[in-house]
Structures are given as structure tokens and as C-alpha cells.
1. Top mean-square fluctuation among Pro158, Pro113, Pro330, Gaussian network model of the chain, C-alpha springs under 10 Å?
2. Using the 2.2 N^0.38 Å rule of thumb for compact globular proteins, work out how the chain stacks up: its C-alpha Rg over that value, please.
3. In whole Hz and in residue order, list the ³J(HN,Hα) couplings for the stretch 164-180 that follow from phi through the Karplus curve 6.51 cos²θ - 1.76 cosθ + 1.60, θ = phi - 60°; x for Gly and Pro.
4. With unit charges on the beta carbon (Lys/Arg positive, Asp/Glu negative), name the residue among Ala219, Ala135, Thr323 whose Cα is farthest towards the positive pole of the charge dipole of the chain.
5. Note down the relative contact order for the chain as a percent, whole number, built from C-alpha pairs under 8 angstrom at least six residues apart.
6. About its Cα centre, how strong a charge dipole does the chain have in debye, to the nearest 20, once Lys and Arg get +1 and Asp and Glu get -1 at the Cβ?
7. Sorted by average packing, counted as other Cβ atoms within 10 angstrom per residue and highest first, what order do 276-285, 47-56 take?
8. How would you order 118-127, 140-149 from highest to lowest mean count of nearby Cβ atoms within 10 Å?
Amino acid sequence: MLKKSLALLSLPLFLCPAWADDDHHARFPRDASFSTLVLTPFGIEGLTGDDAGNLYTTGRGANPCPVWRISLERPALVPVGFVPAPCSPSGIAFDAKGDLFLSDADKVWTLTPNASTPPTATIYGSGVPGTNGLAFDRRGNLWTGDGTTGQGRVWRIPPGGGAGIEIFRVQPMSNEVNLNAAGVGGVGRDVRSLPPGAITVTPTTRNAQNLLGSQPLVANGVAFTHGGDLLVADTARGAIWKIEFDHRGEMRSAVGCDTTFTANALCLDNILVAHPLLEGADGIALDEAGNIWAAANERNAIVVVTREGRTVEVFRNPPSATTQLRNEGPLETPTSPFLLGHKFCTANSDGNRRDNAPNTAGEIAPGAAFQGKISCMDQPLKIPGMRLPI
């Protein structure tokens, strides 16, 4: 069993090392391609790795949910633990001791991976409804956002575990001012994705009638920079927020700018970058130079936000020659990118929306033999992934 602690560096996010140049094509592949590393019998979402060349993910909706180790050299699903049923885990992360942590519904589980005798996870954190992405800070606190609940809450679970403490909120897509007795009302913005179906759009009304699929997620993937600041993927806006902390670990980013939101809601100037290429930004991961890699799941694409603040598309599914849709792969709703040394991989959850609709195409599909997969970029990363405390 691997237990190794690697310290985080203390470099600012956009520090340019001596070997860097200003041409992003020198740092990122010009013609990236992806191949399937492994198929899974259950849906997956979270992805992490160790420093021995192994990836880790967990099956969703099983009884119980398996936690798998997958070697990059000899890819196979090796069970190293289980999450008790009912379960549908999403985020997954290592701590400095080599234990795994898994977000699931309203709690966070933990286990020590063991292929010989796979253990059953125990509860580490609670009171975090919608918990999704996970990230440890340098003080051993575990951070997570509220994912599909759409309220934008971000919690901190103290070292040793316990109840999550709400620290701030990413501004949700709608507020709760002027609700009536039935809870209807409010003011906000509706971001919608198009699932399979028919809509009517006329020259006089450009709204999509009878359209389902509103996208409320604003606090999804989380990651810490070299300097200790927290990045939060905003799926609905196609944005990444940056939250700054002082040397004591106290948040110094401004909140409370809009009185129609909660007092701890971040001000909009805490958005580091917002770009159409980031539409559906789900998980995020950093490389050693501070570039942010994002899975733009609504577009079946991989996007990088460079340390200079530029947004670069590294890969997007090609259109089908027959249907012109981009749902045949190799990506099928990428959700959780991870940079393992010079290898870039991402989990695929096969969501039935936007560019991946209908999700019956490709290698994975609901009810089929394989419902999840891990895809990896064929080209090696020129800048390795940021080493996490594992």
C-alpha cells in the first residue's frame, strides 16, 4: 500500500518558470487525440491518482459501490475498497497519509485502499448535501462544493473529520428574493442544455419552448493553487472562481456585494475567468506551471486556462460524418480530469445533454455492459501535473 507525503509548492499561480515561453502551442498539444484506457460496468465521475502510476475511481449506483485502482501500465479494474449502499459517489481525493476520500450525497467517506482485503469505507464528514469535488488544503482541511443542488455552497471539513462548515457561496444562478408562499419567484438567469427532444424556435420568439435541462451547478470541481488559493469550477457560467486566503487560512476574497444573495456569497470580481469554451466546466486540475485543465462536459471538450489567463481548447470530439453530432466519442461527457505525471486522463459520465445527447452513441450507454470509462490523451503532457499531498 502506498503512503507518501509530497509537499505542495508555494509558487504563485501564474509564475513563469525559466523554461516557459509565450506560445501556448509550445506547452499544449496542437493536434491532441484521446484513447480509452478502461471501460467500467457502472457509471463513474471522480478520478484521482497516486505517485506510482495508478488512477482511482469508483462505480456509481452499485450495491455496494466499488473503489477501483487502475494501473496506467496494465489497465484493469482492481477493487481496493467499497462504499456502502445506497451510494452514488462522485468526488475522490487522497490525503497526505494515503487514505482515499469519496463524496456521496450528503457525506464524505474514507478508506485506506487495499487490494488484498478491500475495506468498507467509514464516514469522515457530514452535513454537506450535494457534495461533489474534493480538495485538501495545506492545513489538512477538506473542501467540497454542493454540486447539483445549485446553491453554490462551499464547505470546509476540519482535519480529523466532522460536520462541514459553510465558508462561502458561489453566487447561484437565481436568488430567493420575492418568493411567494409556494416558493415561486426570485430573480436570476437560466442556462439550459438541449437533451434529445423537439423545440420550436420562431423569428419572433427565440426561447426554447417546453425545454428541460436547466443547468444550475455553480460550485462543482475544486482545486488549490501552488499559493494556497482555492479554485472552483462554475459549470453553469463556464467560469472558474478564485478565492484567496491569508497566511492564517482566513478568506480575504470579498463577499456580500449583492444584497439579494446570502451575505457570504462571493462578489463577481472573484471570477478568475469566464469563457464560452468553458461551458459545462466540471472537474479541474492544475499542472506544475499553474495552468488549469478543465473538462468542459457540455461540449465534450478539454480546455486549458493558461497562467496568463488565456483560454485554450486542447481537444473537442470531432463531429460524426453521418449525424454531425459530437456524441460518438472518444469523450462522452468528461467530468473529472487528472494529471498523473505527464499523462492526462479524464472520467466520462455519459450525461444525456448538450453535445453528448443522445447518449446512446459511443462506447458507453445507460443499461449497457459498460456505463463509464476513463479516457487518456495520447500525447504526453509537456508540463507535468501538480503533485498533490499523497
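1. In this elastic network of the chain, the residue with the biggest mean-square fluctuation among Pro158, Pro113, Pro330 is Pro158.
2. Here the answer is 0.94, to two decimals.
3. Result, ordered by residue: x, 10, 6, 9, 7, 10, 6, 4, x, 6, 9, 9, 10, 7, 6, 6, 8 Hz.
4. Checked the options; the winner is Ala135.
5. Numbers: 1099 pairs, mean separation 68.6, N = 390.
Rounded, it is 18 percent for the chain.
6. Numbers: 32 positive and 37 negative charges, 61 e Å.
Value, rounded to 20: 300 debye.
7. Averaged packing, sorted descending, gives the order 276-285, 47-56.
8. 140-149, 118-127
Bear in mind these aren't lab numbers, they're just calculated from the coordinates by the rules spelled out. A quick note: this is a predicted structure, and the numbers were derived from the prediction, not measured. Here Cβ is always computed from backbone atoms with ideal geometry, including for glycine, and neighbour counts include all displayed protein chains.
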